[in-house]
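Data block below; observations after.
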Amino acid sequence: MIPGIYNPNKSRGRKPIILTVDDDPRNLAVVRDCLVEFNYTLLASEDGESAVTRAEYSHPDLILLDVMMPGIDGYETCRRLKSLESTKDIPVIFMTALSETEHKVKGLEAGAVDYITKPFQREELLARIAVHLHIRELTKKLQEAKDSLEARVEERTADLAQAISDLHDEIIERKLAEEERIRLATAIEQAAEAIFITDADWHIDYVNPAFEETSGYAREEIIGQHPKIMKSGTHEPQFYRQILDALRCDDFWSGRITTKKKDGSNYEAEVTISSVRDKNDTIINYVSIHRDVTHEIRLERELHQSQKMEAIGTLAGGIAHDFNNILTAIVGFSEMAMMKLDVDNPALHDLQRLQSASFRATELVKQILSFSRKSEPERRPVQLTSVVEEVLKLLRSSLPSTIEIHQHISTVPKGDMVLADPTQMHQVLMNLGTNAAHAMRAKGGILSVTLSNLEAEASLVALYPDLQLGPYIRLTVSDTGHGMEAYVKERIFDPYYTTKKVGEGTGMGLAVVQGIIKSHGGAIRVYSEPGQGTTFHIFLPKIEGELQRESRVDGSIHSGTERILFVDDEEMLAELGQELIASLGYTIKATTNSHEALKLFHSDPNAFDLVITDMTMPGLTGLELSGELMAIRPDIPIILCTGFCEQINEKQAKKSGIRNFLMKPYSLSTLSIIIRKALDNTQ
């Protein structure tokens with residue numbers, strides 16, 4: 001040991017590791033002799049590649065690096081060491097015979113901490129090694145101190161976050177009350193949620209700006225008040241008792257509350273209430289956080305309603321086919337029976353009533369398919385003013401004189417045109433008018449119908465997600481009747497839900513109305529309060545178009561002598577088809593098997609002038625059978641019948657080459673006309 005040289009071993013728990021890199025073994029021996037008495041752990045490498053590898057696994061505390069070496073030189077070796085995560089912090093001292101300043105600069109730029117020129121003095125080498133080892137040791141201690149400080153800061157941050165939730169520790173200090181209020185305001189003044197704090201007796205001590213905006217109460221008029229002034233009357237007293245019990249037991253309650261604003265309107269809020277206790281476990285404050293979720297709830301209800309409509313639509317589509325088949329048999333056989341009776345036969349009247357009931361059932365199926373959006377109405381430009389005037393005439397004749405009808409048409413000339421099914425528009429207004437009259441039948445009142453133009457802008461579309469930007473016609477139907485409770489209003493569009501007595505309604509009316517409006521790309525909303533009447537707003541997309549005159553079909557019977565193949569898998573309907581078509585003078589072959597029908601046609605394609613086939617059948621569907629028949633004889637006219645089928649409609653059928661499309665149930669007159677039309681178009 002040379003006196004006066006600093007020995008880092010005195011302050012370390014292990015021997016420092018020094019890696020010497022030099023391609024000359026004599027230089028390695030010289031360095032080893034200089035360092036051996038200092039009890040360092042000495043490692044050696046003779047080239048840059050092996051030095052990098054050895055440094056990665058041995059992690060030396062310092063590297064003595066020669067510059068001029070075979071393979072990669074010392075500068076490149078240093079750069080590689082500094083580029084590796086595991087070796088970048090190891091101090092490197094260049095030891096080289098290159099003494100020019102530019103070499104020293106190059107070495108320091110490569111990442112070295114020092115530069116020793118050969119030949120060197122032993123004391124200089126030892127001193128520099130000791131200094132850089134000491135610096136490395138101090139750097140590690142500094143990093144450890146930094147990590148410890150960061151851990152403490154993180155722990156303190158967590159403590160601070162916990163302290164924020166423990167607002168009572170700050171609020172109960174009376175001598176710091178003003179300071180704490182300022183601190184609280186700074187933290188929550190900009191919160192989006194409405195926040196208010198009360199004392200233990202529920203008198204409001206503080207509200208933030210979001211509360212003022214949401215509730216409509218200014219801070220100065222709500223401070224000192226009890227939150228009960230915001231009760232909406234929607235919840236029972238037991239509801240509030242449960243909240244108090246939860247706060248006493250768990251110091252916490254969360255849920256949804258309907259709250260009344262200053263202007264008397266209600267909003268739905270997701271509420272979190274926490275009780276604040278002092279050191280004696282006594283409740284001294286309550287903190288309430290309100291998030292207005294009125295819009296979200298409206299969207300949830302609309303989604304739920306849409307899902308219910310979809311489920312019922314699936315059911316409606318399922319029963320429509322079978323039900324219409326049954327109605328076809330009832331209508332057809334009753335019509336055949338009527339044709340066989342004398343005019344003065346008493347049974348004729350009963351059969352006529354049966355026919356009337358059957359057609360009423362047919363309309364009911366159409367209504368079910370309409371509100372479930374499983375049917376496609378025929379739409380054309382319709383002038384809503386005409387519909388309103390026609391419906392109000394009908395209503396006037398049926399309503400008592402105690403009910404006044406007010407009509408307000410404020411649309412621009414020819415500005416009341418919508419693309420719609422006129423029958424469905426008539427149905428919508430009749431349903432709403434009838435419901436309004438029912439609500440006023442006890443005391444009378446005013447039924448108002450208003451038609452106006454409206455431009456749907458972004459603000460309106462935000463309130464009515466079903467709408468799009470653009471021009472609309474707004475149809476408003478209001479009454480001065482008894483109004484509705486909130487729970488009734490929530491279910492008003494549910495199918496089969498009704499508040500009427502048995503025999504006064506089916507609960508289908510408003511469900512049908514909603515289905516019709518949505519299928520036309522519109523929206524419907526209801527506003528009602530108990531004792532304040534009810535108002536329905538309907539929005540329909542406005543169009544520019546010309547009125548079309550409705551074509552009327554006469555009720556005459558058309559006959560013929562052509563040959564017809566009739567296919568329906570239900571034996572009763574096959575028999576009905578046989579009898580109905582034969583009564584018209586045609587030669588008919590009826591079958592209940594689609595494969596048998598194909599076999600008959602294939603054996604003699606010219607034996608038939610027309611094919612009438614059901615759509616939904618086992619084996620081959622009507623569409624598949626039609627394709628096979630037209631492959632054999634492309635000019636064969638085909639009429640496709642269906643009670644209901646989602647897979648095909650009239651447009652799709654005609655696109656497939658089918659001549660005509662017939663919905664069940666059908667009358668003899670309708671059947672005779674469509675048969676004649678199909679046959680005449682081929683001649």
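No value in this document is a laboratory result; all are computed from the given coordinates. Fair warning: this is a prediction, and the values are worked out from it, not measured in the lab. Note that each Cβ is placed from the backbone with ideal geometry, even for glycine, and that neighbours are counted across all protein chains shown.
So the values come out like this:
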quantity: Relative contact order of segment 254-351, defined on C-alpha pairs under 8 angstrom at six or more residues apart (%); calculated: 15
quantity: Anchor residue 231: lysines whose Cα lies under 26 Å away (excluding residues fewer than 8 positions away in-chain); calculated: 260, 261, 262, 489
quantity: Net +/- balance of residues flanking residue 29 in space, Cβ distance below 15 Å, scoring K and R +1, D and E -1; calculated: -3
quantity: Rounded, prolate or oblate (a/c below 1.5 giving rounded, otherwise prolate when a/b exceeds b/c) for segment 563-680 by Cα gyration tensor; calculated: rounded
quantity: Packing-based ranking, highest mean first, of 565-578, 235-248, 267-280 given that Cβ atoms within 10 Å are counted; calculated: 565-578, 267-280, 235-248
quantity: Amide H contacts under 5 Å for residue 641, placed H, 5+ residues apart; calculated: 613, 614, 615, 662
quantity: Length-normalised contact order of the chain in % [C-alpha pairs under 8 Å, at least 6 apart]; calculated: 7
quantity: For the chain, alpha-carbon Rg over 2.2 N^0.38 Å; calculated: 1.73
quantity: Per-residue HN-Hα couplings for segment 120-126 [Karplus 6.51, -1.76, 1.60; θ = phi - 60°; Hz; x = Gly/Pro]; calculated: 10, 8, 4, 5, 5, 4, 5
quantity: Sites residue 295 and residue 670 - FRET efficiency at Förster radius 45 Å, r taken between beta-carbons, to 0.05; calculated: 0.35
quantity: Backbone HN-Hα couplings from phi across segment 530-538 [Karplus 6.51/-1.76/1.60, Hz, Gly and Pro as x]; calculated: x, x, 10, x, 9, 10, 9, 10, 10
quantity: Relative contact order %, segment 380-541, counting alpha carbon pairs below 8 Å whose residues are six or more apart; calculated: 23
quantity: Rounded tilt (10° steps) of 101-110 against the dominant C-alpha axis of the chain; calculated: 40
quantity: Set of lysines with alpha-carbon distance to residue 542 below 23 Å, sequence-local pairs under 8 removed; calculated: 414, 518
quantity: Nearest-ten-degree value, helix 48-58 long axis tilted from longest Cα axis of the chain; calculated: 80
quantity: Amide H within-cut-off set for residue 444, under 5 Å, with H built and near neighbours excluded; calculated: none
quantity: Amide H partners (placed H, <5 Å) of residue 619, local residues excluded; calculated: none
quantity: Calculated from backbone phi, Karplus (6.51, -1.76, 1.60) coupling profile of segment 290-303 in Hz, x at Gly/Pro; calculated: 10, 10, 5, 10, 4, 5, 4, 5, 4, 5, 4, 5, 5, 5
quantity: Helix 177-188 vs. the chain, principal-axis angle (Cα, 0 to 90°, nearest 10); calculated: 60
quantity: Estimated 222 nm signal from helices in the chain, with DSSP H stretches of n ≥ 4 weighted -39500 (n - 2.57), rounded to 500; calculated: -14500 deg cm²/dmol
quantity: Segments 401-411, 288-298, 320-330 sorted - mean Cβ within 10 Å per residue, highest first; calculated: 320-330, 288-298, 401-411
quantity: Cβ-based exposure ranking for 434, 41, in which fewest neighbours within 10 Å come first; calculated: 41, 434
quantity: Proximal lysines to residue 279, defined as alpha-carbon separation beneath 23 angstrom and excluding residues fewer than eight positions away on the same chain; calculated: 175
quantity: Rounded to 5, the percent of DSSP beta bridges in the chain classed as antiparallel; calculated: 60
quantity: Highest to lowest packing among 281-287, 211-217, scored as the average C-beta count within 10 Å; calculated: 211-217, 281-287
quantity: Of 127, 269, 332, farthest towards positive along the dipole that unit charges on Lys, Arg, Asp, Glu beta carbons give the chain; calculated: 332
